[in-house]
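The values are calculated or read from the model by the stated rules, or taken from the named source; none is laboratory data. Note that the structure is a prediction, hence the values are computed from the model and not measured. For neighbour counting, all protein chains shown are included, and Cβ atoms are generated from backbone atoms with ideal geometry for every residue, glycine included. Quick note on the areas: whole protein, heavy atoms, side chains included, nothing else; ligands and nucleic acids left out. Shrake-Rupley method; radii C 1.70, N 1.55, O 1.52, S 1.80 Å.
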Amino acid sequence: MIEVELKSVVPDVDQCRARLERAGAALTFAGHLEDRRYDRRDRSLSQRDHVLRTRAYRDERGKAVRAELGWKGPTEYVDGYKQREEIGVQVDEPLVLATLLDRLELEITMAIDRQIWQYDFAGAVVRLERYPRMDDLVEVEGDPAAIERAITVLALPRAGFTTERLPEFVRRYEARTGVRAVLSNNGASERRDYDVNNA
């Protein structure tokens, strides 16, 4: 599957949610999303722009609703959109999966935790994201026409939607505020135990 997406800063999550719901978007998940990115010790995956990631969706009580193991191939930029090949599989035991990856001597290179509200709208997936300490973001995935329909409904400036990766949003937030962004609930990103470039 080829993933096509754009991201933007969101000044008001509640307002965007209201606009989506008035337009008939279906809320498919609300809760917490935990990403853990893995690499070999020599960082040979990231050097080739490959991503190996576990993703856990948790409800408001912290219970895992579902989990996924995913791989993403190198990033390409086509007609103003970011796209990359993506393969994923759902798993029932996220802790067992983490143990398996550890036994393979794969290391966590980035932890990203956020509260999300995810919608389906007219062929697009729209995910509003709130991080422990960073700007709120929206990610829109789908084919280009579906992405543009969703952006129109969100009523955010089109120029704000970009193919840039999360590290660029982090850098702009930190430059504007003078405050270090925190992307994980345990505060690891604040201590920079992880290289934000792996986000």
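Selection within region 2-31: residues that are touching a Gly at 6+ places or on another chain (Cβ under 7 Å) and modelled with pLDDT of 95 or more. The member of this set that is farthest from Thr75 (Cα to Cα) is Val9. For region 8-35, filtering for residues that are in contact with a helix residue (DSSP H, G or I) (Cβ under 7 Å, 6 or more places away or on another chain) and of a type outside the set (A, V, I, L, M, F, W, C) leaves 2. If you go through region 9-26 and keep only what is within 17 Å of the chain's Cα centre (by Cα) and not in a loop (DSSP other than H, G, I, E, B), you end up with Val9, Val13. Applying a threshold of 6 Å to beta carbon distances and a minimum spacing of six or more residues, or different chains, the list of pairs starting in region 56-68 at a residue that is closer than 17 Å to Val96 by Cα and among the aliphatic types (A, V, I, L, M) and ending at one that is open to solvent by less than 70 Å² (accessible area, probe 1.4 Å) and part of a loop (DSSP other than H, G, I, E, B) reads Val65/Asp59.
Results for (1) within 24 Å of Arg172 (Cβ to Cβ); (2) out of contact with any Asp or Glu (no Cβ under 6 Å at 6 or more places or on another chain), shown as yes or no for each residue.
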residue	(1), (2)
Glu5	yes, no
Val13	yes, no
Ala25	no, yes
Phe29	no, yes
Leu69	no, yes
Gly73	no, no
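The conditions of being more than 20 Å from Leu166 (Cα to Cα) and either surrounded by fewer than 18 Cβ atoms within 10 Å (Cβ to Cβ) or without any contact (Cβ under 8 Å) to a residue 24 or more places away in the chain (or both) are met by Glu105. Any idea which residue in region 13-59 is most open to solvent (accessible area, probe 1.4 Å), counting only those that are over 28 Å from Arg149 (Cα atoms) and of a type in the set (Ser, Thr, Tyr)? Among those that are over 28 Å from Arg149 (Cα atoms) and of a type in the set (Ser, Thr, Tyr), it is Ser46.
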